[in-house]
Amino acid sequence: MIDIGVNLLHPQFDPDRDAVLERARAAGVEHMIVTGTDVESSRAGAELAATHPGLLSATAGIHPHHAAAAPADWQAAVAALARRPEVVAIGETGLDFYRDFSPRPVQVRLFREHLELAARLDMPVFVHDRDAGDSVAACLAEASPLRAGVVVHCFTGSRPDLLRYLDLGCYIGITGWICDRRRGQALRELAPTIPLDRLMIETDAPFLRPHTAPADAHGRRNEPALLPWVARQLAELKGVSVEELEAETAANARRVFGVAVRSPPSALR
């Protein structure tokens, strides 16, 4: 399995980050992509990924929550990070009209600039959408051709949102939200309609712990070792074997992000 979205730099992982990676490997997660949410975290994610070649990659970008605080030179900084082999996508970028931590016009401007940067660098885009499906899809439709691919991560939108994204050629990232029979019911109903060749799986750890995962010492914290619970639930809803679901989603992630999975460092064997 490949976990396409992990917030490994979150303070919740500070006490046991190496153990988190070990548990992920033991659970069958062969690769993880560390999510960058601003210039500083993107740089730190690339540095972390560089210390675990073959096990970790990273993204570089500005999350819409931080759009208003983006430095004037953010594009140059992200472009420089994108030249590093560990960085495999531009993002996390997009629109969040649920919390509105940054003014919407600023979010839209920065998102469009991310899309133009990704098109210029011929890199995939890692997209955030929260209650902004119409606007996200409009920005994607108006952008320069994004030939390297677009991944709408942590998808929780409506059927019209899903159809628009599929029509635009996007890949759909599914998290533990699919395991929530209350909040995730709409997504559970949509899951069978998402083509296998457009699916990817992720934890978005330490957030969105699958409700179906057994309780442990980490409380409500999610981690990559729980990705199998996402895969199992998604496979059940789609009516395919877990093995097929895992293989197809991993193949999609390798194709889009170009990650090279190699033997883990000796400390993680």
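A compact table of results
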read-out	value
Condition met for LEU48 (open to solvent by 10 Å² or more (accessible area, probe 1.4 Å) and either among the aliphatic types (A, V, I, L, M) or assigned to a strand (DSSP E or B) (or both))	yes
Breaking point among (1) of a type in the set (D, E, K, R); (2) open to solvent by less than 50 Å² (accessible area, probe 1.4 Å); (3) more than 17 Å from the chain's Cα centre (by Cα), for ARG147	(2)
The stretch 151-208, residues that are in contact with a Lys or Arg (Cβ under 9 Å, 6 or more places away or on another chain), surrounded by 18 or more Cβ atoms within 10 Å (Cβ to Cβ) and on the phi > 0 side of the Ramachandran plot	CYS154
Residue within the stretch 228-240 that is touching a Gly at 6+ places or on another chain (Cβ under 6 Å) and not aromatic (Phe, Trp, Tyr) present	yes
Residue match in the stretch 229-239 (condition: modelled with pLDDT of 95 or more, surrounded by 14 or more Cβ atoms within 10 Å (Cβ to Cβ), under 30 Å from LEU117 (Cα atoms) and in contact with a Pro (Cβ under 6 Å, 6 or more places away or on another chain))	no
SER57 being among the hydroxyl-bearing types (Ser, Thr, Tyr), touching a strand residue (DSSP E or B) at 6+ places or on another chain (Cβ under 8 Å) and in a helix (DSSP H, G or I)	no
Every pair of residues 6+ apart whose Cβ atoms lie under 9 Å, when the first sits in the stretch 223-236 and is polar (S, T, N, Q) while the second is assigned to a helix (DSSP H, G or I)	GLN233/GLY176; GLN233/ILE178; GLN233/CYS179; GLN233/ARG188; GLN233/ALA191
Check on GLU22, part of a helix (DSSP H, G or I), without any contact (Cβ under 8 Å) to a residue 24 or more places away in the chain and farther than 23 Å from ALA132 by Cα	no
So ASP129, is it farther than 17 Å from THR59 by Cβ and either open to solvent by 10 Å² or more (accessible area, probe 1.4 Å) or in a loop (DSSP other than H, G, I, E, B) (or both)	no
Selection status of ALA215, closer than 25 Å to ASP167 by Cβ and surrounded by fewer than 22 Cβ atoms within 10 Å (Cβ to Cβ)	no
Positions within the stretch 102-126 being farther than 20 Å from ASN252 by Cβ and either assigned to a loop (DSSP other than H, G, I, E, B) or of a type in the set (A, V, I, L, M, F, W, C) (or both), in sequence order	SER102, PRO103, VAL106, VAL108, LEU110, PHE111, LEU115, LEU117, ALA119, LEU121
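Listed here are the residues, each with its yes/no results for (1) free of Cβ contacts under 8 Å to residues at least 60 places away in the same chain; (2) farther than 20 Å from LEU226 by Cα; (3) open to solvent by less than 30 Å² (accessible area, probe 1.4 Å).
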| position | (1), (2), (3) |
| --- | --- |
| GLY5 | no, no, yes |
| GLN12 | no, no, no |
| ARG17 | yes, no, no |
| MET32 | no, no, yes |
| HIS63 | no, yes, yes |
| ALA67 | yes, yes, yes |
| ALA76 | yes, yes, no |
| VAL87 | yes, yes, yes |
| THR93 | yes, yes, yes |
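The values are calculated or read from the model by the stated rules, or taken from the named source; none is laboratory data. Computed from a predicted structure; not experimentally measured. Cβ coordinates were reconstructed from backbone atoms using ideal geometry, including for glycine residues, and neighbour counts include every protein chain displayed. These accessible areas exclude ligands, DNA and RNA; they are computed on the full protein's heavy atoms, side chains included. Shrake-Rupley method; radii C 1.70, N 1.55, O 1.52, S 1.80 Å.
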